[in-house]
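The values are calculated or read from the model by the stated rules, or taken from the named source; none is laboratory data. A quick note: this is a predicted structure, and the numbers were derived from the prediction, not measured. Methodologically, a virtual Cβ is constructed for each residue, glycine included, from the backbone with ideal geometry; neighbour enumeration extends over all protein chains shown.
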Amino acid sequence: MTLAQTICLAGGCFWGIEAYFRRIHSVSEAVSGYANSCTENPSYEDICHRNTGHAETI
């Protein structure tokens, strides 16, 4: 039986963290995104320059 669970992790550069988790055998998927803000569909520029409150998340 396979049990899949979801975990969201936030940290510095999410592309680096995503690459690290993709190398772990038991991780089936690692996807970068943003969490914890009211801004819908923010761009990378929004996150960097418009103080949206998002966290870079895997």
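Points worth noting:
- Members of the range 18-43 that are surrounded by 10 or more Cβ atoms within 10 Å (Cβ to Cβ) and either among the β-branched types (Val, Ile, Thr) or at pLDDT below 85 (or both): VAL27, VAL31, SER32, GLY33, TYR34, ALA35, ASN36, SER37, THR39, PRO42, SER43
- So VAL27, is it touching a residue at least 24 places away in the same chain (Cβ under 8 Å) and part of a loop (DSSP other than H, G, I, E, B): no
- Answer from ILE24, ILE47 - the residue that is β-branched (Val, Ile, Thr) and in contact with a His (Cβ under 7 Å, 6 or more places away or on another chain): ILE47
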